[in-house]
1. Have a look at P91, P113 and point out the one that is in contact (Cβ under 8 Å) with a residue 12 or more places away in the chain and either under 20 Å from K161 (Cβ atoms) or over 19 Å from the mean Cα position of the chain (by Cα) (or both).
2. Counting only residues that are of a type in the set (S, T, N, Q) and within 18 Å of the chain's Cα centre (by Cα), which one in the range 60-77 is surrounded by the most Cβ atoms within 10 Å (Cβ to Cβ)?
3. How many residues does the range 189-207 hold that are surrounded by fewer than 22 Cβ atoms within 10 Å (Cβ to Cβ), assigned to a helix (DSSP H, G or I) and among the charged types (D, E, K, R)?
4. Of the numbered conditions (1) buried (at least 21 other Cβ atoms within 10 Å of the Cβ); (2) of a type in the set (A, V, I, L, M, F, W, C); (3) more than 16 Å from L252 (Cβ to Cβ), A124 satisfies every one except a single condition; which is it?
5. Looking only at the range 78-87, filter to residues that are crowded, with 16+ Cβ neighbours inside 10 Å and touching a residue at least 40 places away in the same chain (Cβ under 8 Å); which one of those is nearest to V122 (Cα to Cα)?
6. Anything in the range 37-59 that is free of Cβ contacts under 8 Å to residues at least 40 places away in the same chain, crowded, with 19+ Cβ neighbours inside 10 Å and over 21 Å from E118 (Cα atoms)? List them, or say none.
7. I'd like the full set of residues that are crowded, with 20+ Cβ neighbours inside 10 Å and not in a strand (DSSP E or B), limited to the range 89-100.
8. From the list L119, L150, L167, L136, which residue is touching a residue at least 40 places away in the same chain (Cβ under 8 Å) and surrounded by fewer than 21 Cβ atoms within 10 Å (Cβ to Cβ)?
Amino acid sequence: MPRMSDGSAGDADYAVISRSYTDHRVPEPRIARIVHEALGGARTVLNVGAGAGSYEPADREVTPVEPSASMRAARPAHLPAAVDAVAEDLPFADGAFDAAMTTFSVHQWGDLPAGLAELRRVTAGPVAVLTCDPGLVRDFWLYEYAPEVLDTEARRYPSPKSLAEGLGGNVRTIPVPIPLDCSDGFNEAYYGRPERLLDEGARLSCSAWSFVGEEVERRFVEHLSRDLADGTWDRRHGRLRALPELVGSLVLVVSSPE
């Protein structure tokens, strides 16, 4: 897959998405804890599709890889500069890292099997992949309002089975609970705060919205606004406003060498 003007290697243009990304996609500490635990005692960690640095552990030696110039520029000064490379062609020796991670990234890779093979090649220990299970994404209430968005997500996200086959080794898939006040603004993070998705910036920070067009967004905003105003959403889903955490489509796939 050819890279876009700013180097983005996937099907979404992060030169556009990055404009509001860091305002809405703030790493959620409770999710980060689960990711970091999966890395075990690794001292050196590779982060592929590192973006602006979300979920990178501060107590390890991290080497970030990010093909988008816009996202590399969005990395805070205290984080290491990212290497300009793609998952399918990592410029590192075999077994160069104790562990590897990638968060909300695998659905952007142009050649998933090649990227997973590269990730495993350069990693001596565990590989942790934070992603969404495409078989579960349509269970979210957003499907009633913008089915095109979740259809897009379901089409783009690889299944945990395909990730396991690509990584090999001993693989486990861990459901990751999403807290009600989740600071990382992916779609399901707003399960109990529907008003937040009326913010254009919040939607822009979720790449699936960039595929559906203005008419879908306009219809979504009108429909959800109306249902919030007349109480329809709360009659159907109001219990979610008090649900401490949601076990939805978010999963962590962890591969350890045999």
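1. It is P113.
2. So, considering only residues that are of a type in the set (S, T, N, Q) and within 18 Å of the chain's Cα centre (by Cα), the one surrounded by the most Cβ atoms within 10 Å (Cβ to Cβ) is S68.
3. 3
4. Among (1) buried (at least 21 other Cβ atoms within 10 Å of the Cβ); (2) of a type in the set (A, V, I, L, M, F, W, C); (3) more than 16 Å from L252 (Cβ to Cβ), A124 violates only (1).
5. A87
6. Across the range 37-59, the qualifying residue is only A52.
7. Listed by number, the list holds a single entry, L90.
8. L136
The values are calculated or read from the model by the stated rules, or taken from the named source; none is laboratory data. Computed from a prediction, not measured in an experiment: that's the story for all the values here. Heads up, the Cβs are rebuilt from the backbone with ideal geometry, glycines too, and the neighbour counts pull from every protein chain shown.
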